[in-house]
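Q: Below: one structure in structure tokens.
The values are calculated or read from the model by the stated rules, or taken from the named source; none is laboratory data. Since the model is a prediction, treat every value here as computed from it, not as a measurement. With ideal geometry, Cβ positions are generated from the backbone for all residues, glycine too; neighbour counts draw on all protein chains shown. Keep in mind that these areas ignore ligands, DNA and RNA; they rest on the heavy atoms of the full protein, side chains included. Shrake-Rupley method; radii C 1.70, N 1.55, O 1.52, S 1.80 Å.
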Amino acid sequence: MEATPARARAYVLCVVLAALWCLLPLPAVHTPWWAVALLAALYAGCEQVARRRFAGTFYPVLLAAAFLLPPPAAALVPLPGALFSRVEKGSPWLRRGWRAAQLALGVWAAARVHWVLGGRNAVVASDFPYALVPALAAVLAFCLVLTVLDGGILALAERMPVRRAWRGLFLRSLAPIGVHGLAGLMMAVLWRSPYGPVAALLVLLPMGVSWWVFAQYHRERAAHQATIRALVQAVDIKDGYTRGHSERVGQASMMIARELGMDDSRVEVLRFAGILHDVGKLGVPTRLLRKDGPLTPEERRVIELHPEYGHEMVRGIGFLGEARAAVLHHHERLDGSGYPYGLLGSQIPESARVVAVADAFDAMTSTRSYRRARPVSVALEELSRCAGSQFDPLMVTALVRALGRCGWHPSVTADEVQSSIVFPPSPPSPPVSSALRG
């Protein structure tokens, strides 16, 4: 939440006030305060370990508190861990306050649902399988509160459309939080058993193992990201005039994919496709990439090999999925006059049709060594004119709609020292069809 808009700050304040309202009955609550303190300290410690050594948030202790304590007391448990957590960027206290209030509301809602459904008695009596019913309802309430609040902050802080902000959040979080809820229920049952809190702590051991596996996945994902960054940096160093182009094509591809309603995993893959679409330039002679004037037919044929070079480079990277097809086919045209294979219409993979539109759009709206950037409106008109022959009309329409909501802020990709170059007037011929170096 860097440079958080005023409306988002107001939203955070409302969430904090709601959390404080949930804590108002505390003076009248009869609860073992030592248990509240122990659970709060345990959560704070687990949270520190999880964030530094693994990834994400450690929910079992919070859900165990929801199953063991009255709602206002349970809402206290996440506060120390959230308020004193490490924040690496943005406004520390705004982020901490937001996280503390969000978790307090989620735990309060879970405890309230669990209490109303008689879950406390079921836990004390170890009444299975009935104890699973209020526990499941409490997990659903916890997950729903976090989802609603997260979607709200995304819509306000990131200016994301409301429907998109909440899309998929609940379903994505339900499975992991459900597993944490089961662990929390086991902790609560053991806590109420003759063996007491010490036995409950044993539940954290298998959870720690599963957390380690989860962390390994995230480390592998980080390694993938580092591999992509290294490839893109190599292209940017070799072709300095298009520096930043790959990242912007990735962003535009992501905007198109979201507008088409693709799920988040495909959106991420298409972002990779846009970022890596020109990686094959590493196999093209530098003098051709940096040539200021028009290309000869022989030079054009050499540059037209870059999709195949790129595909050879990335075809062994399994996590890229359909992004590899986009790298190979992003210069194909619907009318069959593209390259490298002259595919027609639906023969062109969907990912390649997305990247083709994103690539051409950024090529037109970015300054190059051989021409100045064109206004966004002009670029969109050109894309619309070529829709059906060169580009998929569905992808063009999706980009137009996405830009209408979010806008576009193209940047000059050439080095500042090139600002003295004299640019010729833009030719009237279709720029997208000849943007081989974009």
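Q: Around Leu399, under 13 Å between beta carbons, what's the net of Lys plus Arg minus Asp minus Glu among the other residues?
A: Summing Lys/Arg as +1 and Asp/Glu as -1 gives -1.
Q: Go ahead and collect, in residue order, the members of the stretch 156-187 whose backbone nitrogen is under 15 Å from a label point 7 Å along the Cα-Cβ direction of Arg405.
A: Output list for this probe position: 156-169.
Q: Using a simple spin-label model with points 7 Å from Cα along the Cα→Cβ vector, what separation in nm is obtained for Trp33 and Ala234?
A: 6.3
Q: Any idea of the accessible area per residue across the stretch 71-144, 1.4 Å probe, to the nearest Å²?
A: Normalised by residue count, the accessible surface of the stretch 71-144 is 44 Å².
Q: Right, here's the next one. Just flag the chymotrypsin sites (Phe, Trp or Tyr not before Pro) in the stretch 94-187 sitting in loop per DSSP whose Cβ has no more than 16 other Cβ atoms within 10 Å.
A: In loop regions of the stretch 94-187 (DSSP not H, G, I, E or B), the sparsely surrounded chymotrypsin sites (Phe, Trp or Tyr not before Pro) are Tyr130.
Q: On to the next question. Protein chains only, probe 1.4 Å: how do His30, His311, His277 rank by accessible area, largest first?
A: His30, His311, His277
Q: Would you kindly state how much longer the chain becomes between Arg385 and Arg301 on full extension, computed as 0.36 nm times their sequence separation minus their alpha carbon distance, in nm to one decimal?
A: 27.6 nm
Q: Give the accessible area for Glu220 in Å² (nearest 10); use a 1.4 Å probe, count only protein heavy atoms, and leave out ligands, DNA and RNA.
A: Solvent-accessible area, nearest 10 Å²: 100 Å².
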